[in-house]
Amino acid sequence: MRSFLLADGRASVVVRRLITVTAYAALTALVVAPLPAWIIVATLVDLASHRPGRRWPLLRTLLFFACYLVCELLGVAIATALWLLRPMLGRRRYLRANFRLQVHWGSTLFAAGSRLFSFRARVRGAEHLEPEGPILLMIRHSSMADTVLAVCFVSAPHDIQLRYVLKRPLLLDPCLDIVGNRLPNWFSTHATPRRDRELAAVARLADDLGPRDGVLIYPEGTRFSTTKRTHQLERLARRGAGRDLERASRLRHVLLPRRGGPAALLLRNACSERPADLVFCAHTGFEGSATFGDLRRGALIGRTVEIEFWRVPASELPVATDGGPSGLDVDAAQDRLYDWLCEQWWRVDEFIDRHRGETEPSRSR
């Protein structure tokens, strides 16, 4: 059933959206309508299980969950209105309106989270997002909270329309499903039989980028955890991938980037007539908030999230072409680009190592 719901066919899309929108509407009714009663229950539970420095974790999580559900239903309603207005808007304005909806949705969730959990973000290197020109944005992935970082600190302030590489299970979120499929994004699966199709689709996102466009990919392909790091090291050891095992062993706070999607995207970009610059985003402070359960335990309360951007001009990429892949050894070129990406990823790891001590919660919050 799950594979059917996540498929691309029209029947799958219709059934999926009927189920997810109905489920979210029912859940919203169960949470939001009796919210005062839920607030009393959450308050009593928090009083009974008080944790120093992590005040009211269940109450905060409840209010954020209610906000998330309301944002989902409002997003679906606005997306439906835009669909009805599409003939009057025209294609360009229709896509632009969906982009603005995406920005407002993500910004609202981030603002609600920062207020309810009393965390703040400290950003370095925002000036690297100001020069006009397309970008490829490589960002680490440690929690569900960091999925809206790019919306808040890239798209909203700099009006950069990003094309996302997202995991296919996110199609079960109705807003991401409906609006995300109207915009030039790709919902990826790591299924081996679809590998060539997946890599080609990811690479095509780098085509025809305008001066205020970009592509976002999470090179690790999944959220970091110490368990996943251990599994990655074990998998590389079983495969006898000595060089990659050595690289992964050096990384303590991030996973070794995947080879497929990131390398395919970098090569397609390097071979384009107007290659995009690379922008990297390192951050720390969201660790331990991967799920609503983590939020319930108060892991995010009072933290400072440290964020840094840096930009690498396209001219510094280790592949020089004449604007096309003819005569290019694709495998060798992808290997060079992957080696270069790993060097940048060590910088991400070092940033986390330097700044993770600055993210600890303030006891006054």
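The values are calculated or read from the model by the stated rules, or taken from the named source; none is laboratory data. Bear in mind that the values here come from a model prediction, so they are computed numbers and not experimental data. A quick note on method: Cβ atoms are made from the backbone with ideal geometry, for glycine too, and the neighbour counts reach across all protein chains shown.
Scanning the range 171-199 for residues that are hydrophobic (A, V, I, L, M, F, W, C) and more than 25 Å from ARG91 (Cα to Cα), we see that the one that is nearest to the chain's Cα centre (by Cα) is LEU172. Look at (1) basic (Lys, Arg); (2) in contact with a helix residue (DSSP H, G or I) (Cβ under 6 Å, 6 or more places away or on another chain); (3) not in a helix (DSSP H, G or I) and you find that ARG55 fails only one, number (2). Taking the range 214-236 as the range and being of a type in the set (Gly, Ala, Ser) and at pLDDT below 95 as the test, the residues that pass are GLY221, SER225.
When the range 213-222 is limited to residues that are outside any loop (DSSP other than H, G, I, E, B) and touching a helix residue (DSSP H, G or I) at 6+ places or on another chain (Cβ under 7 Å), the one that is surrounded by the fewest Cβ atoms within 10 Å (Cβ to Cβ) turns out to be LEU216. When ALA79 is tested against (1) farther than 23 Å from LEU172 by Cα; (2) modelled with pLDDT of 95 or more; (3) of a type in the set (Gly, Ala, Ser), only condition (1) is not met. Residue selection: THR222 fails the criterion of being farther than 24 Å from TRP340 by Cα and of a type in the set (Ser, Thr, Tyr). Among the residues of the range 183-200, some residue qualifies, meaning at least one is of a type in the set (A, V, I, L, M), under 22 Å from GLY260 (Cα atoms) and touching a residue at least 60 places away in the same chain (Cβ under 8 Å). Of all the criteria given as (1) over 15 Å from ARG296 (Cα atoms); (2) buried (at least 20 other Cβ atoms within 10 Å of the Cβ); (3) out of contact with any His (no Cβ under 9 Å at 6 or more places or on another chain), the one not satisfied by HIS104 is (2). Would you check if PRO275 is touching a residue at least 40 places away in the same chain (Cβ under 8 Å), within 24 Å of ARG92 (Cα to Cα) and crowded, with 22+ Cβ neighbours inside 10 Å? Yes, satisfied. Taken as a whole, the condition of being assigned to a helix (DSSP H, G or I), touching a residue at least 40 places away in the same chain (Cβ under 8 Å) and basic (Lys, Arg) applies to ARG60. The number of residues in the range 193-205 being touching a Leu at 6+ places or on another chain (Cβ under 6 Å) and either not in a helix (DSSP H, G or I) or not β-branched (Val, Ile, Thr) (or both) comes to 1. Of all residues in the range 85-94, none are closer than 30 Å to CYS342 by Cβ, small (Gly, Ala, Ser) and at pLDDT below 95.
Here is a list: SER49, SER3, SER12. Which entry is at pLDDT below 95 and surrounded by 15 or more Cβ atoms within 10 Å (Cβ to Cβ)? Steps first, please.
Details: SER49 fails: surrounded by 15 or more Cβ atoms within 10 Å (Cβ to Cβ); SER3 fails: surrounded by 15 or more Cβ atoms within 10 Å (Cβ to Cβ).
Exactly one residue qualifies, and that residue is SER12.
Go through the residues of the range 148-166 one by one and say whether even a single one is in contact with a Phe, Trp or Tyr (Cβ under 8 Å, 6 or more places away or on another chain), aliphatic (A, V, I, L, M), farther than 26 Å from ALA126 by Cα and modelled with pLDDT under 95. No; the residues of the range 148-166 include none that is in contact with a Phe, Trp or Tyr (Cβ under 8 Å, 6 or more places away or on another chain), aliphatic (A, V, I, L, M), farther than 26 Å from ALA126 by Cα and modelled with pLDDT under 95.
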